[in-house]
Structures are given as C-alpha cells and as structure tokens.
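Participant: Let me give you the structure first, and then I'll get to my questions.
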Amino acid sequence: MGVSFWLITLAMIGAAALFFLERRRLPTNWQAHVTVAGVVALISAINYHFLTGIWVSAGNVSTVYRVVDWQLTVPLKVISYHLVLTAMAAVSAALFCRLLVSSAIMIAAAYLGAANYLSPTLGFLVSPAGGPYILGELYLGEASKINANSGKEWAQSAFIAIRLIVTVGWAIYPLGYFMEHLGGGVDSGSINLIYNLADFLNKIAFGLVIYRAAVRDPAPERRG
Amino acid sequence: MGVSFWLITLAMIGAAALFFLERRRLPTNWQAHVTVAGVVALISAINYHFLTGIWVSAGNVSTVYRVVDWQLTVPLKVISYHLVLTAMAAVSAALFCRLLVSSAIMIAAAYLGAANYLSPTLGFLVSPAGGPYILGELYLGEASKINANSGKEWAQSAFIAIRLIVTVGWAIYPLGYFMEHLGGGVDSGSINLIYNLADFLNKIAFGLVIYRAAVRDPAPERRG
Amino acid sequence: MGVSFWLITLAMIGAAALFFLERRRLPTNWQAHVTVAGVVALISAINYHFLTGIWVSAGNVSTVYRVVDWQLTVPLKVISYHLVLTAMAAVSAALFCRLLVSSAIMIAAAYLGAANYLSPTLGFLVSPAGGPYILGELYLGEASKINANSGKEWAQSAFIAIRLIVTVGWAIYPLGYFMEHLGGGVDSGSINLIYNLADFLNKIAFGLVIYRAAVRDPAPERRG
Amino acid sequence: MGVSFWLITLAMIGAAALFFLERRRLPTNWQAHVTVAGVVALISAINYHFLTGIWVSAGNVSTVYRVVDWQLTVPLKVISYHLVLTAMAAVSAALFCRLLVSSAIMIAAAYLGAANYLSPTLGFLVSPAGGPYILGELYLGEASKINANSGKEWAQSAFIAIRLIVTVGWAIYPLGYFMEHLGGGVDSGSINLIYNLADFLNKIAFGLVIYRAAVRDPAPERRG
Amino acid sequence: MGVSFWLITLAMIGAAALFFLERRRLPTNWQAHVTVAGVVALISAINYHFLTGIWVSAGNVSTVYRVVDWQLTVPLKVISYHLVLTAMAAVSAALFCRLLVSSAIMIAAAYLGAANYLSPTLGFLVSPAGGPYILGELYLGEASKINANSGKEWAQSAFIAIRLIVTVGWAIYPLGYFMEHLGGGVDSGSINLIYNLADFLNKIAFGLVIYRAAVRDPAPERRG
C-alpha cells in the first residue's frame, strides 16, 4: 500500500512538470487553466511526498493530513471548473459562488469529522450534502444548459469528461469517509488506497482533460 | 495547530508557482509587481517550511523567527503597494518614503519586543504606531486621492481590496503582539494560528489582488 | 553495482534537463513529444534516486519499486510512440488502443508476478505476450505501412531507430523477469544491472531519437 | 546571531529569484549583467544555507568557508562591474585586468591569513592593498573619467551608487579581518554579523543597482 | 581539501544556472551547444555534492565515483566539441566517430584500472593513449585544417582556447592516474585536488569558451 503513495507522488510531479511546460504553447485564454491544474498537482506532489514518509514510519495516514491538501486544491479545482465553463460561454458569478460554497461545506464537514470536532455520523450526513448539489448543477442546472448551447465539439467532449470525473471522483470521498468512520472492519490500507485513487482521478485526470481541451481549441491567438 | 504551518507552507509554494508562471503573460508594466508578490511567497514558503520543523520538534515557534521573514517581506510588500499606486497615477516619492519608514518602525519595535531588548509594554505602544499612519494615508491621505481621481474601474476595485487587506491583515499583528506579551493566559498555539492567518491574508490574498488587477488591465502591450 | 544506480540517476537528470530546455526551440508539433520524453526522464530520475538509497541500505532492489516507475512511464512512452507516428502520417485511434492495452498487460503481469500475487511461471508466460504483438505492429502491421508510405528521410531513420530500441530494449524485461523468478542461480546485482541498462535504453535513447527527429524536421513553424 | 545567517539565506534566494525572472524583460545588452548578479546571489544562498547549519551546530563559522564563496563571487562581481562600465562607454581591457588582479590579491591574502598559511599581520597589510587601488580607479582613474563623459542621467546615478557600495561594502572586509585576527576581545558573533552585512550590501544591493539601471535604460531593443 | 569539493560544487551550480539562463538569447544554432555545457555542469554539480559528503564522512573519494560523472560528461563534451567545429565549417562524421572512440577508450581504461579489473600499469599505458590522438587531430589533423580555413576571428580564438583547454586539462587525468596508482607516496588529498582542478578546467572553462564564442557570433538569427 505504501507503494501507492510513492506512485502518486511521482505521478503528481510528472503532471505538474507537464502542465507547467506545455502551458506556454497553449492559447492565451487557456494558460491560466493549465497553470491552476499544475499548481494543484504541485501542492499534491509535495503533500504526498510528506504522506509517503508518514506511511513508512507510522503505517497509517490520518485523513487530517489529506484535508490540508484538499483545503487548497478543492477550491482551486472549483475555480478551474468555472474557468472552463467561462471559456465556453458566459457564466453567471452566482453559479461560481454556489459551487464554491458547496465545496467548502464538503471540506469543512470532512475536516471536523476527521479531527473529531464533530460526531462522525453527523459529519457523514453533512459532508457529501454539497455533492448532489454540484451534480445537479452539472446535469440539470445552469452549467448543463451552457454546455448544450455551446456548439463546439471539443468543448462538449471536455464538459462530458469533466462531468464524469466529478461524478465518479467526488463520489469516492463520501465512500472513504463512510468506510473510515462508520463501516466497522475496514483496514486503513484500503481506505488510503481509495483516497489515493480519488486524488489521482480528481487531480491528474481532471488536469489532463483541461489540457486536452486547450490543445484542441482552435483559438487564433495560439502562440507558435 | 502544526497542521496550519504545513497548510501555509503548501499554500505559499502554490502561490509562488502561480505568480512566477503567470507573470509571463501579463502586461509588461505589471510583471515586476507579480514577480515581487512571487518572491514574497517564495521567501515565506521556505521560512514556513523551517517553522513547521521547529513546531513539530519544539511545540512552539518564537516570534523572532517570524520577524526574519517580515524583515524581508514587509518592505517588499510596501514596494509592491507603491508600484500598484504608480500603475494608477503619478505618486510622489515622499509617499513611498513615509510608507517605508512607518513599516520599518513596526517591524523594528516588534523585533525588539520579541527578543526582549525592549519592554514588551513599550514595544506594544510603539510597534502599531505605524499602522494608523498607513491607514490614514489609505483612507484620507495622498494615496486615497490618487485612487478617487483614477477613472479605471478595475484599478478602483483593486485599490479597495488592497485597502481592506491592509486594514484587516495588519491589524492582526498588534493583536497577536498583545496576546503574546501582555494578555495573560493565551496559549502559543492560538497566537501562532493568528499569525499564520495574518500571513496568509497579507501575502497570498494581497498577491492575488495584484495578479487579478494585472489580468484585468487592458494594456495594449499585453503579450500573446 | 550500486554505482550503476547513481549513474542512471545522473543520466536521467541530465536527459530531463536537456529535453525541457531544448523543447522550446523545436517545431510546435514536436514540443509535446519532447515534453513527454522529459517527464519520463524526470519521473525515472526521482525513482532512481530513491532506488539508489534502497540499494545502499539494503543491498537489493525489489522489482516492485521498479514497477511503480513503469506504471507511469510505459504508458507515457506508448503515447510518445503514437505521437511520433501521427507526426508522420494519419494513424487510426484503434492502433493506439491496441498498443496501450498490450503494454498494460505487460506491466500488470510483471507487477502481479513480482508481488507474488501470481505464480511466477504464469506471470512469465503472460507478461511478455504483449511484446510480440507490439513487434508485429512495428514490422508487419499498420504502423509499419505508415512508415513505408512516408517519404521523409529523417522520419524513416527515426522510425527504424525507435523500432530497434523497442525490439532490443523491451526484450530485456522478459529476460530479467526470467532470470529473477525462474533462472536459479542469478545474483540480484546482475538482474538490477540488466534492468538499469533496459531503462537507460528505453528512456534516454528513446527520448534522444525523438529529440533528433524533431531537430531534423524542417517544419516551417520552427521558432527562432 | 544565527538568525542573521538564516535572514541572509532567505534574502539571497529572493534576490536570485528576482534577478532570474526579471532579466527576461530587460534590454538584451543588460541581460547578462543581471544573470551574473543572480548567479552571485544563488551561489551565496547555497553557501549561506550551509553556513547556517554550521553556525547552529558549532556556534561559529570559520572565515575559510566564506572565502569559498568569495573566490567565486568576487571575480563575478568584478566582471559585473566591468560590464556596467562597458554599457556606458568604451572601456580598455587593461582596466578590467587591473580590477581583476587587485581583487584576486585581496581574496588570496584573506584566505592565506584565515587558513593560517600567512602571518595574520602580514595578511592584514597585504589583503586590503587592492582596495585603495580600486577606489582610486573609481574616484580618480580611467573608470571615473568614463563616467563623467557619459551624458546619461540614469547611468551616472548607477555609477555613483555602485561607487558608494564598493567604498562602504569592501571597506568592511578589512575591518572584519582586523577584528578577527588582530583586535583582541571581539566575539565571533559580531564578526560574523559584520561579514553578513558586507555580503548583503555587496551582493544584493549591488545587484539591485544594476537591475534598476537596466530597467531605466531606454534601449530600443527592450523586449515586450 | 574538503573545501575544494564544496567550491567546485558551488561553481558547477553557478555555471549550470548561467548556461541555462543565457542560452535563450543566443543565436539558434548555438543554443544546443550551451545547453550541453549546462547539462555537463548540472551533472557534475550533483555528483560533486555527493562527493563532498563522501569526503566529509570518509576523508577520501574513490576515483570510481568520479568515473560515474566522466562516463556521462566526457561523451557530452566530445559532442560539444564536434558541434563547435560544425558551427565553423563542414566536418566529416568520421572525425566525430574517431573523437568519440578515443574518449571512450580513455574512460574505459581509467574505470577498469580504478576498479581493479585491470592491472594499474596496463591501465596507465592504455588510458591516455586516446589523448595523443585527440591532440594530433587538434594540431595537425582534419580539425586543425578546418580551423585554418575558417576566416572568422572569433571562431579561431575559440578554437585556440578549446585546444589549449583540451591539451592542459586532459593531460591532468593521466597525471592523476599515475600519481594515484603508480607514484608511491602521494596523499589522496593532492590527487583529489588535481582531479578537481581538471574538472573545473574541462567543464566550466570549456563551457565558458563556447558561451563566449556564441555571444560573439554575429549570426543574423540572434533573438532579441
């Protein structure tokens, strides 16, 4: 299991290097998106390097250390998601606020539950409450309509890929939370493996989708 | 509480990477501003990495180690603040000198008080004396008038955001100083948490406001 | 033998620096290729630095730690290989999928055999099964025809060099697997030396061939 | 006192980052100057990081370790100084040689005295002998005349600032040498503080003056 | 003597930073040369950092660890040397092969002698055999004629400087080999000092000559 921490550390370093180097040749209006994806990967790389050391010495990794990473990277990913939508169509600032607030609730409840400031059962009920809201926006709400009206093929496939990653990837966090705090006999190795997979999907795959959309965008201001 | 040191270390690294990468696509006259914001974040990242280690091994962090960081970053932030004003209108060199001197008084008094070269009570009275002066400049003085005369919407919102950060953020330092040296029963964890929040606000939020102003500036010499 | 780990660590760092710096002056359509080659070298450099430490302290390096690297770098190399083919002619997406799947089988079987989840003999039979398929594609299949139809001299010599590296380099892995798990009296030093040579050939030589092809491509959009 | 080592380490890192990032937007004929200033700061940052560790563990720092830094940075600074003069007017190669030789004498005598290869008193007499010569060049000699004939206001203020830094900064070294080897009761903390101040002035302030001159030079080939 | 390892580590870092930063503003056909010089300095910097640690803990540095570096950097330097010749005139590929083979013989014999796979005396006789051949090429052979026919003043002075460095610098290796393995009473400190000087000359001075030639080349495609 410790190998999976080292694997993700290396993957995050590689992803950060890829995004930081390739952003230079992308269209100007996409560069900030890929920079944010690279910063997410860089922060995760450093935190996973730290988590690897903790795992090797202690044989377990408290979710509190993961929340440190999430407190920085989840807001960045919401910003990233909003930037992708604005690259496709005009998006209301209210949508951005709603996404940010629902993410903040998720992280705060997870942290309070992990650090035992809150009853685990209550944390479980509150934490994923933001999830269905975000999914509702993606499949039914304002964000969904924006996508349908956008005629660009590459933008639609990027939107669908992101929606899939958000659905699958963020569904893993409540699953891990349930296994960790409520489900009785689950070993900590499995829980960490699940969280590692979720981080891999939410950070690296998410960033690659944005990068690919940027490469396919036939923007005229693409640099040589 | 140790987690908050690690959190800020990661946040500073991310901020430094963001500013260093994005400065390339900004208008030329804004690049130096964002470089300075990135250097502030870089220096803080390294110092917070060092502070995290001290906290883990000793369970406390002397304010003397924080002053090392402030001696470098506060002058850089005053320079940064002055550069933002000059990007909006012609500013007198005297205003710059006044801002720099009042900052120097704040840091010097804080250092002398923290290192016990000065009576804590005297340090408390002298240290924040520079604060009201800076706020006076921002709300009533030359800097304030410059802002009112500037017709650019993005510049005014940046000015207001910076003024708010300076008001709230720099008001935290005297509060921490009071709690640390004069207020009796405050544990060192709370004091460090307060200083960490102040640094987060004064360095990362401050830098992000400058970055955002640079992105919104419709300068003709913006690079592709 | 420990010296060979340190040698490859240094070589990978040098290769990563070379690819990251030189990619800037290459034609735009080749930059992503060289970035990927550099990311492969960077990930390997960090993993070999880690392997060097394990070798010095333990006198042996488990193949499990090597598979961590391969799980990231082999898919990147298949992507890289596909990108080179697309730079020469239109390639079907199905070819890419076939190459990726056969590589995934190789790595998965090697990992399961090394970690003792699978009988070593079964692993040996399954693992290199992907190899002949890839070679078939290179010498007889769709990829081979693409090359023959391409009239560019530099592209053909790159294709032949890559085909040679893939043939020789990837043939070393089953050889090492056989020696490690089935061949009786082979010391671990020789096995690691073989794997080190294979990694040197497959990552650095492979990257250099791509880099050289990019330099020789007389693309009009070459940057100054 | 140990804090002053850490402070200068951070300042050198910040200066190196500033010079390396900003050099890109400077006029072409100034880029090499700022690169050299950044390399000086980088070498000093790494050496001061090393000195900080020695100070923490041993409570003292031998001047021999400082001379390692000076052997690299003083010649670079003389080159830098010569480059600034050539940016203003045609300068004879002989002037450059005279400056380099007199600097070499200073460092060699300081090293031989610090490492006890030479009588401290003799070292004290020989070491600063190069200093008056350099000052003579600056105030009375060929370099001085070049400056007077140059009509550029920004160039003259840069020349005056550099002359001041050289006069004050390099005068500190003989002072430290005298205190260390000849003056009786001076504690090593004060001597190191003096050397730290001298390095701060000679490397960071010197570099900032060159950077500022480069920013103010209205060269036509300034990059966007 | 340990100081000389630290000195060269810092010098190599500075040289790598200089070459990597300055290559951007050089003519396109010179950028690869300076990149290679920077990669040589980077690899040496990391290896010397490692050697410094070995020296501090063991008081001696086996030549085997140096050969690790030479196995990578000597071929790079031969490539570099060949690239400089091609920048001056058309050079036959055979010349390149002859240079590479004679270098390979030098390194291989030195390694086999140092690791006791070969009789030291035989190694001494074989190892420098490549040297006279390279010098013959430089002073009398094809390379020499190329230089004489080239009318460019800056190219000729670069050729002469490189020839001098190769003559003096590579002559030091057989001298060190003789002292280490055959000459009786030489202490290891002196031998390491000699090798350090040779590396300084062959890597940093060699790179600086190439850099200077690149700066002086009045190529039309020089970037702004």
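Taken together, the values in this text are just the output of simple stated rules run on the coordinates, not laboratory data. Not measured: the values here are computed from a predicted model. Methodologically, a virtual Cβ is constructed for each residue, glycine included, from the backbone with ideal geometry; neighbour enumeration extends over all protein chains shown.
Participant: Order by neighbour count: B:M179, B:M106, fewest other Cβ atoms within 10 Å first, most last. Spell out each step's value before the answer.
Facilitator: Details: B:M179 18, B:M106 24.
In increasing order of surrounding Cβ atoms, one gets B:M179, B:M106.
Participant: Once the label point is placed 7 Å from Cα along Cβ, list for B:I54 the distances to the corresponding points in the other copies, in nm, shortest first.
Facilitator: 2.3, 2.3, 3.7, 3.7
Participant: Taking the label point as lying 7 angstrom from Cα along the Cα-to-Cβ axis, what are the distances from B:S188 to the corresponding position in the remaining copies, in ascending order and in nanometres?
Facilitator: Ordered by increasing distance: 2.7, 2.7, 4.4, 4.4 nm.
Participant: Averaged across A:28-37, how many Cβ atoms of other chains sit within 10 Å of each residue's Cβ atom?
Facilitator: Mean shielding by partner chains, rounded to a whole number: 3.
Participant: If I take R0 = 60 Å and measure r between the Cβ atoms of D:L175 and C:L140 in this structure, what FRET efficiency does the formula 1/(1 + (r/R0)^6) give, to the nearest 0.05? Intermediate results must be reported in sequence, preceding the final value.
Facilitator: Working: r = 80 Å, r/R0 = 1.33.
Working from the Cβ atoms, E equals 0.15.
Participant: Here's another thing I want to ask about it. By Cβ position, which chain E residue lies least far from the axis that rotates chain E onto chain C, and what is the distance to the nearest whole angstrom?
Facilitator: Result for the axis mapping E onto C: E:R24, 7.
Participant: Averaged over C:72-79, how many beta carbons belonging to a partner chain fall within 10 Å of each residue's beta carbon? Don't skip to the end; give the middle numbers.
Facilitator: Details: counts 7, 2, 0, 0, 2, 0, 0, 0.
For this peptide, the per-residue mean of nearby foreign Cβ atoms is 1.
Participant: Summing +1 for each Lys or Arg and -1 for each Asp or Glu, what net charge is found among the other residues whose Cβ lies under 9 Å from the Cβ of C:Y48?
Facilitator: Details: positive: none; negative: C:D69, C:D199.
So the environment of C:Y48 carries a net charge of -2.
Participant: Can you list, shortest first in nanometers, how far B:A94 lies from the same residue in the other copies, with each label 7 Å from Cα toward Cβ?
Facilitator: Sorted ascending, the copy-to-copy spacings read 5.0, 5.1, 8.2, 8.2 nm.
Participant: Measure up D:K77/E:K77; A:K203/C:K77; B:K77/B:K203; C:K203/E:K203; B:K77/D:K203 against 19 Å on the Cα-Cα distance and list the ones that go over. Could the numbers behind the result be given before it?
Facilitator: On the way: D:K77/E:K77 28 Å; A:K203/C:K77 21 Å; B:K77/B:K203 8 Å; C:K203/E:K203 26 Å; B:K77/D:K203 21 Å.
Those over the limit are D:K77/E:K77; A:K203/C:K77; C:K203/E:K203; B:K77/D:K203.
Participant: Can you list residues whose amide H is under 5 Å from E:D217's amide H, if they're 5+ apart or on another chain and H is modeled 1.01 Å from N?
Facilitator: Under 5 Å from the amide H of E:D217: no residue qualifies.
Participant: Let me ask another. Average partner chain C-beta neighbours within 10 Å, per residue of E:193-200?
Facilitator: Values: counts 0, 0, 0, 0, 0, 0, 0, 0.
Rounded to a whole number, the mean comes out at 0.
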